[in-house]
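One structure is given below, encoded as structure tokens.
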Amino acid sequence: MSSIKVIGGGRLKGETKIQGSKNAALPIIAATVLNKGITILRNCPRILDVFHMIDVLKELGCIASWESNTLIVDTTDITSTKVSEGSVQKMRSSILFLGALLGRNHEVSIAYPGGCLIGKRPIDYHLDSIKSMNVSQEFLGDDKDIIHCYTDKIMGTDIFLKFPSVGATQNVILTAVLAEGVTRIFNAAREPEVLELCNFLVSAGARICGKGTAFIEVEGVGRLHDVDYTLSADRIVAGTYMAAIAAAGGEVLLLDTPTGQLDSVIRVLDRIGCSIRINDEYMRISCKRRPLPYDILKTQPYPGFPTDMQSQLMTVLCLADGKSTIVEEIFESRFQNVSELKKMGAMISESDNKAVISGVMHLEGAQVMAHDLRAGAALVIAGVAAQGETIVRGATSIERGYEDICRDLNSLGANVRYCSDNIL
Ligand code: EPZ
């Protein structure tokens, strides 16, 4: 298991370019299966989750290759409709092959994705919605944990989502693109990554209205065609580095930042004392003072404050000049960082989905564990802001979503490097 060593204490200065979006790349890689041909995906982040999705494509008989950050995928031939348990357990976004393979082959077998540390993460909204599109479902295997879906014809219908689930919205869209008739999704997720999947599919010949809204209408078409698509930048990676400035202080330029997708994050950071100026080329963000507290910060579906930024803001508010409260409304257990930040001197009390943070003057470097992707990134930020040395173990989980967090933070003036566990 790899670790990240951080020597903290300095203010940040410099500039870095924001990588392509992980959560846009993953559904779009699954969507390539809907086209019997070639897809070129530019600005694709070279991260573990993308590599896992490519492994699944290869399991299905597809060909994939890289040219720098351009991923070239040939999905002309699909020789299997089975997504192995290993693939799904490794990464739950493999569940998006459910809709894509159904759309392409009218059949798919895929293991139930496991929960993870941030919650149980069921897929009932996915399965209930897809079932209503004339798709039969059976549960196979000794533990009934293999989902086998099949149909002779996918029929468009009206889908009412109980919750604006990102994955369920994306899986319904993937199932509907080549279906007979029109599928209307009510209470659809409005995350930018849903909009980006729709933009990709429309550029490949799909017919979709209401992209990015809570009401999406998909009119089935006969086939898709080859497409050359450029992914937008990753809003959560950008937000992570914005939080680093708020925690450590300094002034930096973030290039290629998807500022239009960060309104709620910009509003919060502005409220706690950051100065943020945006133009076409870059975002300039500076923080010249100790962060101000934030009374009550609630995570919400987009365009509300993103749950994927919750851990990073917790790190910042640990250093605020007063008391803040964070309420996690999306996942049932996304406060793993509380115990880790306390090792660094943070003062946090949590109960249920509420964490109350009493800001301290500074954090002390310590050995901490990354429990999930965003929590790990938030601990690296804590190390950058802390006094002394911090070792973040379990850094592999950070590499799932950050192409090179050490490279990026060091270009902003931090002192961060990967190290293997055995020299610690
Ligand atoms: C996506 O996960 C993101 N992942 C997550 O980012 C993000 O935190 C999440 O959306 C919320 O914004 C990708 O895009 C690959 P959901 P997803 O379905 O689709 C419950 C990261 O760090 N639910 O919107 O799995 C679920 O348990 C990751 O990049 C059901 O109950 O999220 C959760 O409480 C972490 N039944 C809530 O809805 C279902 O069938 C939101 O989940 C589906 C979801």
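The values are calculated or read from the model by the stated rules, or taken from the named source; none is laboratory data. Quick caveat: nothing in here was measured; it's all calculated off a predicted structure. Backbone-built Cβ (ideal geometry, glycine too); neighbour counts: all protein chains shown. These area figures cover heavy atoms from the full protein model, side chains too; ligands, DNA and RNA do not enter into them. Shrake-Rupley method; radii C 1.70, N 1.55, O 1.52, S 1.80 Å.
Is the range 22-230 rounded, prolate or oblate when judged by the Cα gyration tensor, a ≥ b ≥ c being the square roots of its eigenvalues, rounded requiring a/c under 1.5 and prolate requiring a/b larger than b/c?
Since a/c stays below 1.5, the shape of the range 22-230 is classed as rounded.
In the chain, with Lys and Arg counted as +1 and Asp and Glu as -1 at Cβ, which of these residues, Phe163, Ala206, Ser2, has the Cα nearest the positive end of the dipole, that is, farthest along it?
Ser2
Would you work out if the range 297-404 is rounded, prolate or oblate? Take a ≥ b ≥ c from the square roots of the eigenvalues of the alpha-carbon gyration tensor; rounded if a/c is under 1.5, else prolate when a/b is larger than b/c, oblate otherwise.
Cα axes put the range 297-404 in the oblate bin.
Can you find, among Thr16, Ile38, Leu26, the residue sitting farthest towards the positive end of the charge dipole of the range 1-82, where Lys and Arg contribute +1 and Asp and Glu -1 at Cβ?
Sorting the options by dipole projection puts first Thr16.
Please work out the C-alpha center-to-center distance from the range 8-69 to the range 201-268 and express it in whole Å.
14
Under 5 Å between amide H atoms, partner at least 5 residues away or on a different chain: which partners does Ser2 have, H built in plane at 1.01 Å?
HN-HN under 5 Å from Ser2: Gly394, Ala395, Thr396.
Return one number: the angle in degrees, 0 to 90 and rounded to the nearest 10, between the long axis of the Cα atoms of helix 373-385 and the longest principal axis of the Cα atoms of the chain.
Approximately 20 degrees, to the nearest ten.
Between Lys17 and residues 5 or more places away or on another chain, which pairs have amide H atoms under 5 Å apart, with H built 1.01 Å from N, and which residues are they?
Leu255
Could you compute how much accessible surface Leu127 exposes when probed at 1.4 Å, giving the result in Å² to the nearest 10?
We get 10 Å² for Leu127.
What distance in nm separates the simple spin-label points at Lys153 and Val360, each placed 7 Å from Cα in the Cβ direction?
Taking the simple label geometry, Lys153 and Val360 are separated by 6.6 nm.
I'd like the Karplus ³J(HN,Hα) series for the range 58-70: coefficients 6.51, -1.76, 1.60, θ = phi - 60°, whole numbers in Hz, and an x wherever there's a Gly or Pro.
These are the phi-based 3J(HN,Hα) values: 5, 4, 7, x, 8, 10, 9, 8, 10, 10, 6, 9, 9 Hz.
Provide the net charge surrounding Ser136, with neighbours chosen by a C-beta distance below 15 Å and charges set as Lys +1, Arg +1, Asp -1, Glu -1.
Surrounding charge for Ser136 is -2.
Helix-only estimate, please: 222 nm mean residue ellipticity of the chain, summing -39500 (n - 2.57) across DSSP H runs of length 4 or more and dividing by its residues, to the nearest 500.
-8500 deg cm²/dmol
Rounded to the nearest 10 degrees, what's the angle between the helix 166-176 long axis and the longest principal axis of the chain, both from Cα atoms, 0 to 90?
The angle comes out near 20 degrees.
Pull out a ≥ b ≥ c, the square roots of the eigenvalues of the alpha-carbon gyration tensor of the range 195-347, then state rounded if a/c is under 1.5, prolate if not and a/b is larger than b/c, and oblate in the remaining case.
It is prolate, given that a/c is not under 1.5 and a/b is the larger ratio.
Once Lys and Arg get +1 and Asp and Glu get -1 on their Cβ, which of Gln300, Gln312, Ile285 lies farthest toward the positive end of the dipole of the range 276-321?
Of Gln300, Gln312, Ile285, it is Ile285.
Would you check the accessible area of Cys318, probe 1.4 Å, heavy atoms only, in square angstrom rounded to 10?
0
Mind putting a number on the dipole of the range 22-230 about its Cα centre? Charges go on the C-beta only, +1 for Lys and Arg and -1 for Asp and Glu, and I need it in Debye to the nearest 20.
Dipole of the range 22-230, to the nearest 20 debye: 360 debye.
Give me the percent of DSSP beta bridges within the chain that run antiparallel, rounded to the nearest 5.
Roughly 70 percent of the DSSP beta bridges within the chain come out antiparallel.
Rounded to the nearest percent, how much of the accessible area of the range 22-230 (1.4 Å probe, protein heavy atoms only) is carbon and sulfur?
50
Please give me the summed charge of the neighbours of Glu251: other residues whose Cβ is under 12 Å from its Cβ, Lys and Arg +1, Asp and Glu -1.
With Lys, Arg at +1 and Asp, Glu at -1, the neighbours total +4.
Using the Cα centre of the chain as the reference point, and only Cβ charges (+1 on K/R, -1 on D/E), how large is the resulting charge dipole? Debye, rounded to the nearest 20.
Charge dipole, the chain, about its Cα centre: 1020 debye, nearest 20.
Checking the table Lys5/Lys342; Lys82/Lys131; Lys17/Lys298 against a 21 Å threshold on Cα-Cα, which pairs fail?
In this structure, Lys17/Lys298 exceed 21 Å between Cα atoms.
Helix 192-203 versus the longest principal axis of the chain: what is the Cα-based angle in degrees, 0 to 90, to the nearest 10?
So the helix axis and the longest Cα principal axis differ by about 40 degrees.
Taking the Cα centre of the range 284-424 as the origin, how large is its charge dipole in debye, to the nearest 20, when only Lys and Arg (+1) and Asp and Glu (-1) carry charge on their Cβ atoms?
Taking the Cα centre of the range 284-424 as origin, the dipole is about 440 debye.
Roughly how much of Asp124 is accessible, in Å² to the nearest 10, using a 1.4 Å probe?
Here the residue's solvent-accessible area equals roughly 60 Å².
Non-local amide H neighbours of Lys323 (under 5 Å, H modeled in plane, Pro and chain starts lacking H): which ones?
It is Gly359, by chain and number.
Provide the FRET efficiency to the nearest 0.05 for the Lys144-Arg207 pair, computing r from the beta carbons and using R0 = 30 Å.
0.25
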